[in-house]
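K.L.:
Got a structure here, written out as structure tokens. Questions coming.
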């Protein structure tokens, strides 16, 4: 065997090693994409819990959010300020989900739930009022998304959920909200 044949064999082995390295790298990239999807979903879920848990724990904060999202006319200046912060936090949360979906990190099935939440909340009167004043805080792509939303056939937010259920069951509209807002322990009634 001459040196030319030895060189050719060496090049063939090197080419095989490159192909194996590329296959390994492709597998690592696929694994990294799966990890990014899972991590992104966990981050959004944690952020959603971080937004909703204070509302669930604090009846006054929940009242401010519910009144604010549905129109806010009954809020004091201090309460309006609190609503502004809540709306910004909620908007940024949905904006993150929108970015994850647009970037391919979030699949269409998962995005469907976030999109539905956006349709229910971002077409509410209080959100529209907030959006008219604060849309500049968001990316152009997200502003276009929000501006293109149409309300669902039956828009429901945390502020209208119990009223909607009461109306559908034949009860008076305020009956469900009174039960939902009651913060007295059952034993003391």
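The values are calculated or read from the model by the stated rules, or taken from the named source; none is laboratory data. The shown structure was predicted, so the numbers you read here are calculated from the model rather than taken from an experiment. Using ideal geometry, Cβ is built from the backbone for each residue, glycine included, and neighbour counts are taken over all protein chains shown.
K.L.:
Taking only segment 138-157 into account, find how many residues are touching a helix residue (DSSP H, G or I) at 6+ places or on another chain (Cβ under 9 Å), free of Cβ contacts under 8 Å to residues at least 12 places away in the same chain and over 13 Å from residue 121 (Cα atoms).
P.N.:
Looking only at that region, the number is 1.
K.L.:
Here is a follow-up. Could you grab me the full set of residues in segment 48-75 that are in contact (Cβ under 8 Å) with a residue 12 or more places away in the chain and more than 19 Å from residue 120 (Cα to Cα)?
P.N.:
Of segment 48-75, the ones in contact (Cβ under 8 Å) with a residue 12 or more places away in the chain are 48, 51, 55, 59, 61-72.
59, 61 - these are the residues of segment 48-75 that are in contact (Cβ under 8 Å) with a residue 12 or more places away in the chain and more than 19 Å from residue 120 (Cα to Cα).
K.L.:
Hey, can you tell me all the residues within segment 129-155 that are under 16 Å from the mean Cα position of the chain (by Cα) and surrounded by fewer than 18 Cβ atoms within 10 Å (Cβ to Cβ)?
P.N.:
Once the filter is applied, which keeps residues that are under 16 Å from the mean Cα position of the chain (by Cα) and surrounded by fewer than 18 Cβ atoms within 10 Å (Cβ to Cβ), segment 129-155 yields 139, 141, 143, 149.
K.L.:
Name the residue, out of 109, 104, 126, that is modelled with pLDDT under 95, loosely packed, with under 13 Cβ neighbours inside 10 Å and assigned to a helix (DSSP H, G or I).
P.N.:
Selected residue: 109, the only one of 109, 104, 126 that is modelled with pLDDT under 95, loosely packed, with under 13 Cβ neighbours inside 10 Å and assigned to a helix (DSSP H, G or I).
K.L.:
Kindly check whether there is at least one residue in segment 135-156 that is within 20 Å of residue 52 (Cβ to Cβ), at pLDDT below 95 and part of a helix (DSSP H, G or I).
P.N.:
no
K.L.:
Still on this structure: So is residue 74 modelled with pLDDT under 80 and either assigned by TED's automatic domain parsing to the domain that holds residue 161 or under 30 Å from residue 89 (Cα atoms) (or both) or not?
P.N.:
Taking the combined requirement at face value, the residue does not satisfy it.
K.L.:
Return the residues of segment 1-60 that are at pLDDT 75 or above and not in a helix (DSSP H, G or I); say none if nothing qualifies.
P.N.:
Matches in segment 1-60: 2, 58.
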